1. Each residue of segment 301-307 in order: what ³J(HN,Hα) in whole Hz does its phi give by Karplus 6.51 cos²θ - 1.76 cosθ + 1.60, θ = phi - 60°, with x for Gly and Pro?
2. Sorted by accessible area (1.4 Å probe), largest first, how do S2, S187 line up?
3. Using a 1.4 angstrom probe with every protein chain in place, what is the largest-first accessible-area order of K104, K51, K182, K248?
4. Based only on Cα atoms, what Rg/Rh ratio does segment 146-273 have, Rh being taken as Kirkwood's radius?
5. Need the C-alpha centroid separation for segment 121-171 versus segment 270-298, integer Å.
6. Before anything else, pin down the relative contact order of segment 186-316: Cα pairs under 8 Å, at least 6 apart, normalised by residue count, whole percent.
7. No other cysteine beta carbon under 4.7 Å away is the test; run it over the chain and list who passes.
8. What is the Cα radius of gyration of segment 1-148 over 2.2 N^0.38 Å, N being its residue count?
Amino acid sequence: MSVARTRLAPSPTGALHLGNARTFLVNWALARQQGWKIVLRIEDLDGPRIKAGATELAVELLEWLGIDWDEGPFFQLHDQSAYQAALRQLAEQRSIYPCRCSRKQLEAASLSAPHGHEHDLRYPGNCRPPGDQSVDLSLLGTTGVAWRMRVPDQPTVFEDEFAGRQEHYVQQTVGDFLVATKAGLTSYQLAVVVDDARQGIDQVVRGDDLLASTPRQMLLYDRLELGQPPTYTHLPLVIGEDRRRLAKRHGDSRLAHYRERDVAPERVLGLLGEWCNLGPRREMSTGEFFEQFQLQRLSPEPIVFTAADDAWLLDS
Ligand code: GLU
């Protein structure tokens, strides 16, 4: 049997914070315990949101924590031909269609829809052509034209290694989602599937903010005939005391911030260890974390980062 493979996939759109560190550390420990190969992939497709220097800093901070990998870093921006080929394949089989809807039109439609969410607006299908209508392939790569996946009207069921049985109804939540934007950028959903497939990834470990993306990615696996999708392990997020996802308003929880203040990485690992229920916080090496970590010990509840946690880190 071939060796299983996983990936660490930071987006250089912001600084790595303690929540990102927890996810990468758990992914790393699972991989090293199970003998999976680790690929480092920098998800740098999201043009306008990429911050200068963020890639180098992410790599440095992973190393600072003692997290290592076997292959990469691989960059998405370096070779986009595989994304273009996937788009063409989807267009030829009529799994996607061009969409020229403006943001205004979409917002107006979602306001009148019963389940309008602020972030993931459900696409109401304005541009969806009848299933037997062929797609104008000459529109591929044209700016001003986005591409959407034709999502079937049925639920997707899968088993998550941590979160358990999942049933998601993509057509009812987000509808026909984007695979390429009007600016000609490949969407995260498509890029991640193409990359996971071409890098031979069969174990995906990530935060459960991406749980709802998984059925979209499984649909793409199917339509692109990429074989079995990976096994997924989605971890509860780290949140602030106000129960909202970790962000600037919770104070500075960036790894770079602690490193600048000479906090030892072992102290950060100790806090992450406590969050993973490895006993009371104490300074810990990656070796100790690796020896003690057990996925089953994680709580299914989100982890709350408190002012006291921050004070403990800085009190060294
Ligand atoms: N790049 C994404 C992030 O930093 C992770 C994507 C994934 O794991 O599929 O949140």
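1. After applying 6.51 cos²θ - 1.76 cosθ + 1.60, I find 7, x, 8, 9, 8, 10, 4 Hz.
2. Details: S2 95, S187 15 Å².
Largest to smallest exposure gives the sequence S2, S187.
3. Numbers: K104 165, K51 110, K182 75, K248 185 Å².
Most to least solvent-accessible, the answer reads K248, K104, K51, K182.
4. Working: Rg = 17.9 Å, Rh = 17.0 Å.
We get a ratio of 1.05 for segment 146-273.
5. Cα centroid to Cα centroid, the span is 40 Å.
6. Details: 131 pairs, mean separation 30.2, N = 131.
Normalised by residue count, the contact order of segment 186-316 is 23 percent.
7. C101, C276
8. Details: Rg = 19.9 Å, N = 148, 2.2 N^0.38 = 14.7 Å.
Cα-based Rg divided by the globular estimate yields 1.35.
The values are calculated or read from the model by the stated rules, or taken from the named source; none is laboratory data. Here the structure is a predicted model, which means the values were calculated and not measured. Note that each Cβ is placed from the backbone with ideal geometry, even for glycine, and that neighbours are counted across all protein chains shown. Ligands, DNA and RNA are excluded from the accessible area calculation, which covers all protein heavy atoms including side chains. Shrake-Rupley method; radii C 1.70, N 1.55, O 1.52, S 1.80 Å.
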